[in-house]
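The structure appears right after this line, and notes come after that.
The values are calculated or read from the model by the stated rules, or taken from the named source; none is laboratory data. Nothing here was measured: the structure is a model prediction, and the numbers come from that model. Positions of Cβ are generated from backbone atoms using ideal geometry, with glycine treated the same way; all protein chains shown enter the neighbour counts.
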Amino acid sequence: MSKVESPVGGVAITGGGSGIGRQAALVMARTGSEVIVGDRDSEALARLRSDAEAEHLCIRTSELELRSENSVREFVQKAAAQANGLAGLVCSGGVSPAAPLLEMTKDRWDLVLDVNLTGTFIAAQEAARIMVGQGTGGSIVTVSSTMGASGGRPGFAHYAASKAGVIGLTKTLAIELGANGIRVNCVAPGAVDTPLFRETVGEAVAKTWSKSPLGRVGEPQDIAEAIEFLLTERSSWITGQVIHVNGGVYM
């Protein structure tokens, strides 16, 4: 991959131990960015470090619990300190334990909203405070889902609500932070072949996606490249947008 113009400072990525976040970390590191990844899975972080070292890439890792406000704020602050500034944030951490509406407990509802929506808010708020203090602008990329825009499906009321909330949050942050030169955009993936997707989606759904206009389920690389675009100066006049990357299923 050829180098592109990257933001000055580091890029922090939540939920970067696997799936979309992991691939985004590798893609950004290959552009020359200093990348700091947070995840609760220490083994996944170790594998990421190993893969990065094999490519001579600069990726630091830190354990992160998205349900803990202190953990999230400390992660973002640490990322900025390690990279001598913060130019970008990617909020890719998420969970999706399915549960039928009539059987869903408040604990399960709270888990998904805490991680997917509140965790995104806390990380974005902390990153924005740092970026405003720096006075150099920056880019924040949130990760929603096709379900957040088109509506959910049985068993995913909590997930659809959280991802719709991410879209609303993104647009509001873009309005509030634009005057500070901070862009805030959202990537909304369709079905992507990640560990989370394989755990929560059955074969029938995968077959449905294989009949999409582009005829396949997505790969983490498809989403990572959209994230890279939004983090770099190639998207310098884009903010408050939801970029749908789904093979044409949602138009």
Residues being more than 15 Å from ASP114 (Cα to Cα), assigned to a helix (DSSP H, G or I) and in contact (Cβ under 8 Å) with a residue 40 or more places away in the chain - total across region 147-163: 3
Residues satisfying the stated conditions in region 207-221, i.e. modelled with pLDDT of 90 or more and over 19 Å from VAL11 (Cβ atoms): PRO213, LEU214, GLY218, GLU219
Among (1) modelled with pLDDT of 95 or more; (2) surrounded by fewer than 24 Cβ atoms within 10 Å (Cβ to Cβ), the one test that GLY9 misses: (1)
Qualifying residue in region 109-124 (condition: at pLDDT below 95, surrounded by fewer than 20 Cβ atoms within 10 Å (Cβ to Cβ) and in contact with a Lys or Arg (Cβ under 8 Å, 6 or more places away or on another chain)): no
